[in-house]
Amino acid sequence: MATSPTLYVVDYVVIAATLSVPLGMGVYLAVKGRKRNTKEEYLLGGRKLHVIPVTLSLFVTFMSSTSLIGMPAETFTTGITFVLHVIGVSLSYVIGIFTIVPIMHSLQVTSMYEYFRLRFQSPFLWLLVTVVGMFQKIVFTAVVLLSPALSIQTATGLPFWVSVVIVGLVGIVYTSMGGIRGVVLVDVFQAAIIMLGIFFVLVKGVHEVGGLDTTWTLAKEGGRIPPVDFDPDPRVRHSFWALTLGGLFTFFGYTFDQSAIQRICAIPKMSGAKTVYALNIFIVSTYIICVCFMGIVAYSYFATIGCDPFKAGILTNSNQLMPYFVMKIFEDFPGMSGIYLGTIFSGALSTISSITNGLAANTIEDILKRPFEKCETSDSVKLLTAKLAVWFYGGVCIGLAFLLKDLPGTIIQTALALMGACGGPIVGTYFLGALFPWTNKIGAIVGVLVALALNIWLTVGATLYGHPPVKLPPSPWKLM
């Protein structure tokens, strides 16, 4: 019977460094930029951010800890078919280059929801999409906070609440201090950590199994390389159409998102903003393929040692798979498990910081815009409000994470369902206004409300009556 691995002191040092560096960057930028500390500088970096840092920042904002844990769990449980999701993701960026970027960058907005105010001239619609969008981001951030918490709990036995509070507070502190420049700078560091962690896991995992050929052969024998299912039934979650078309429309919720719009509007030229989206096609596609393959490597590894962790009773939740797998293959290499856990922390921190900064922008530009205008509020008060908003929304997300800790299924399933259900109506209304000039606010409001009701019905119906993906047999069992 396999035993649970443990962390070394050097692993804790690596984890502590992963959490400390962002704090240091936040303090550095807060001190360095104190003389040009304005609302526009805090939320948009003075609209002078550079392409490469913004590209990496956009990448790690959405490819968070949920994907690092959830995608390998999906492929471990149901097979490599989930990787087809990359087709839809790539197409969403391609379409965004020719539709979202030109319009939003030319408007030079701070909040994406300002578009709806300018296009439809309806305060009610503006408030409606703002509330729906902000609610979506808050819940999504709470889900993201679960990933590192589960990882630490699985790896070290540290109480769940300690993990959530530590990761949440670190993200809140450096975001409130450094603003969007701090978020982007830290994201570059976290992108490097994520790429390094994935590389080490894949190389060591494949080596432990016995090479790429052996890894693929074992996965194929275990049914992890199934044929593509072209069933048009929308209730089949892992069909070709669900993964590609569903992935396309779901990921529109990311490409047309506050964090994305905030970044492309912080780029001085439109050509640079388009480059950010174009580069993310290749970066995100490579990332998804590698992360999905990690689940295949994990299956082949457990098939090799003859001990499925779920059948053995070591793990009870699929979200615990990757932390346990990584600690097993690196149990004789002090520090390596810490790098991977630091990878998960980096993914979580990047999402938390980006979204809370975006929520602060929504608060200033959408929720409080009219009261500020009536009171002729100074820029310094708006800046202080934005910083306090980061703390407020961060605290709400931390509290909500405790309510969501017992979610069934994989984290990635929950995250994608949420983005599709709430993000779809917002994206649809954007394209309605952009592509059909004769539409008015009445049609847009009715469209949002009907789409929300329909999406909620579909999401609940899929949960209760849908065809869940068939879980494949566990890895071969051996008497150890």
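The values are calculated or read from the model by the stated rules, or taken from the named source; none is laboratory data. What you see is a predicted model, and the numbers here were worked out from it, not measured in a lab. All Cβ positions, glycine included, derive from the backbone under ideal geometry; neighbour counts span all protein chains shown.
Just a yes or no: is a residue in the range 219-238 within 27 Å of GLY423 (Cα to Cα), touching a residue at least 24 places away in the same chain (Cβ under 8 Å) and hydrophobic (A, V, I, L, M, F, W, C)? Yes, that holds for at least one residue.
Taking the range 112-129 as the range and being under 14 Å from LEU449 (Cβ atoms) and surrounded by fewer than 21 Cβ atoms within 10 Å (Cβ to Cβ) as the test, the residues that pass are SER122, PHE124, LEU127.
If I filter the range 252-266 for residues that are more than 21 Å from the chain's Cα centre (by Cα) and closer than 30 Å to GLY96 by Cβ, do I get at least one hit? Checked against the condition, which is being more than 21 Å from the chain's Cα centre (by Cα) and closer than 30 Å to GLY96 by Cβ, the range 252-266 yields no hits at all.
How many residues are under 21 Å from PHE62 (Cβ atoms) and either outside any loop (DSSP other than H, G, I, E, B) or modelled with pLDDT under 90 (or both) when one looks only at the range 263-319? Give the steps one after another, and end with the answer.
Keep residues of the range 263-319 that are under 21 Å from PHE62 (Cβ atoms), which gives 263-267, 272-295, 319.
When the remaining residues are screened for being either outside any loop (DSSP other than H, G, I, E, B) or modelled with pLDDT under 90 (or both), the result is 263-264, 272-295, 319.
Qualifying residue count, the range 263-319: 27.
Residues that are in a loop (DSSP other than H, G, I, E, B) and at pLDDT 80 or above were ranked within the range 391-445; the one that is surrounded by the fewest Cβ atoms within 10 Å (Cβ to Cβ) is TRP438. Considering (1) modelled with pLDDT of 90 or more; (2) closer than 29 Å to ALA260 by Cα; (3) of a type in the set (Lys, Arg), the lone condition that LYS204 does not fulfil carries the number (2). All conditions in (1) touching a Leu at 6+ places or on another chain (Cβ under 9 Å); (2) within 28 Å of GLY46 (Cβ to Cβ); (3) buried (at least 17 other Cβ atoms within 10 Å of the Cβ) hold for VAL183, with the sole exception of (1). Against the conditions (1) of a type in the set (A, V, I, L, M, F, W, C); (2) over 30 Å from ALA266 (Cβ atoms); (3) in contact (Cβ under 8 Å) with a residue 12 or more places away in the chain; (4) part of a helix (DSSP H, G or I), VAL203 satisfies every one except (3).
Against the list (1) within 18 Å of the chain's Cα centre (by Cα); (2) modelled with pLDDT under 90, the condition GLY179 fails is (1).
For residues in the range 237-251 being assigned to a helix (DSSP H, G or I) and of a type in the set (Gly, Ala, Ser), which is surrounded by the fewest Cβ atoms within 10 Å (Cβ to Cβ)? Don't jump to the end; show me each part of the working.
Within the range 237-251, the first condition is being assigned to a helix (DSSP H, G or I), and the residues that meet it are 240-251.
If we keep only those that are of a type in the set (Gly, Ala, Ser) as well, we get 242, 246-247.
Values: ALA242: 23, GLY246: 19, GLY247: 23.
Ranking the candidates gives GLY246 first.
Tell me yes or no: at least one residue of the range 89-106 is of a type in the set (Phe, Trp, Tyr), more than 30 Å from ASN317 (Cα to Cα) and either in a helix (DSSP H, G or I) or touching a His at 6+ places or on another chain (Cβ under 9 Å) (or both). Yes, because at least one residue in the range 89-106 is of a type in the set (Phe, Trp, Tyr), more than 30 Å from ASN317 (Cα to Cα) and either in a helix (DSSP H, G or I) or touching a His at 6+ places or on another chain (Cβ under 9 Å) (or both). Can you find a residue in the range 210-219 that is surrounded by 15 or more Cβ atoms within 10 Å (Cβ to Cβ) and of a type in the set (D, E, K, R)? No, because not a single residue in the range 210-219 is surrounded by 15 or more Cβ atoms within 10 Å (Cβ to Cβ) and of a type in the set (D, E, K, R).
Condition check ((1) at pLDDT below 80; (2) of a type in the set (Val, Ile, Thr); (3) surrounded by 24 or more Cβ atoms within 10 Å (Cβ to Cβ)) across all residues:
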| residue | (1), (2), (3) |
| --- | --- |
| LYS328 | no, no, no |
| GLY338 | no, no, yes |
| ILE344 | no, yes, yes |
| SER350 | no, no, yes |
| SER353 | no, no, yes |
| THR356 | no, yes, yes |
| ASN362 | no, no, yes |
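Look at the range 161-173: where a residue is within 12 Å of ALA401 (Cα to Cα) and a partner is crowded, with 22+ Cβ neighbours inside 10 Å and of a type in the set (Gly, Ala, Ser), sitting 6+ places away or on another chain with Cβ atoms under 8 Å, you get SER163/ALA149; SER163/SER151; VAL164/ALA149; VAL164/ALA401; VAL167/ALA149; VAL167/ALA348; GLY168/GLY394; GLY168/ALA401.
Within the range 55-65, restricting attention to residues that are touching a Gly at 6+ places or on another chain (Cβ under 8 Å) and assigned to a helix (DSSP H, G or I), the residue that is modelled with the highest pLDDT is VAL60. Would you call LEU43 part of a helix (DSSP H, G or I), under 30 Å from VAL164 (Cα atoms), of a type outside the set (Ser, Thr, Tyr) and touching a helix residue (DSSP H, G or I) at 6+ places or on another chain (Cβ under 6 Å)? In short, yes.
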